[in-house]
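A quick write-up on the structure given underneath.
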Amino acid sequence: EMSMVTGVQTCALPICALSLTACQDDTAGGEATEGFQDSEAPSFDGVEVVTPQGTDALAVSWQDANDNISSADEISYRVYLATEPGAHDFTSPDIETMVGETSATLEGLSDGQAYYVVVHAVDEFVTRTTTPASAWARLAT
């Protein structure tokens, strides 16, 4: 019996393409079953460092998240930016990283503005953290 977990990738069997479920291929019967969903979010400490990059960009970095199923190189991150503490729009990330990346650069920002950054870890099942901690930086004037 062979198991494949889907997320961003697809299963060899067409009924599982781009789903958030696990496929099981019972080679004797040749049928696939769906139904597994990961409800446990990754363990993640959030933003570690926010550093101004000139007058219009911020470099943001963090440590790898840990997950009960996904490895560190299967976890992506969503970076949210706000100009007021707690005013982040968690429905629309400012940056979504490739899997395994632990830093991002936010560009095109306003000189002299304070920015508050929150990062969420997202495992291969699109289960995400809701890390409340944020870090902030003010761009030089």
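The values are calculated or read from the model by the stated rules, or taken from the named source; none is laboratory data. Keep in mind the model is a prediction, meaning the values are calculated, not measured. Because the Cβ atoms are built from the backbone with ideal geometry, glycine has one as well, and the counts that use them run over all protein chains shown. Accessible surface areas use protein heavy atoms only, side chains included; no ligands, DNA or RNA. Shrake-Rupley method; radii C 1.70, N 1.55, O 1.52, S 1.80 Å.
Ranked by the mean number of other Cβ atoms within 10 Å of their residues, highest first, the peptides 99-108, 39-48, 58-67, 81-90 fall in the order 58-67, 39-48, 99-108, 81-90.
Expressed as a whole percent, the accessible area of region 41-141 that falls on carbon and sulfur atoms is 44 (1.4 Å probe). Electrostatic bookkeeping for Glu107 treats Lys and Arg as +1 and Asp and Glu as -1; over the other residues with beta carbon under 11 Å from its beta carbon, the sum is -2. Taking a Cβ cut-off of under 13 Å around Tyr116, the surrounding Lys, Arg, Asp and Glu residues balance to a net charge of -2, with basic ones at +1 and acidic ones at -1.
Where a ≥ b ≥ c are the square roots of the eigenvalues of the C-alpha gyration tensor, would you call region 49-141 rounded, which needs a/c under 1.5, or, failing that, prolate if a/b is larger than b/c, or oblate? Prolate shape, in that a/c is at least 1.5 and a/b is the bigger ratio.
Rounded to the nearest 0.05, the FRET efficiency derived from the C-beta distance between Met98 and Thr55 at R0 = 35 Å is 0.80.
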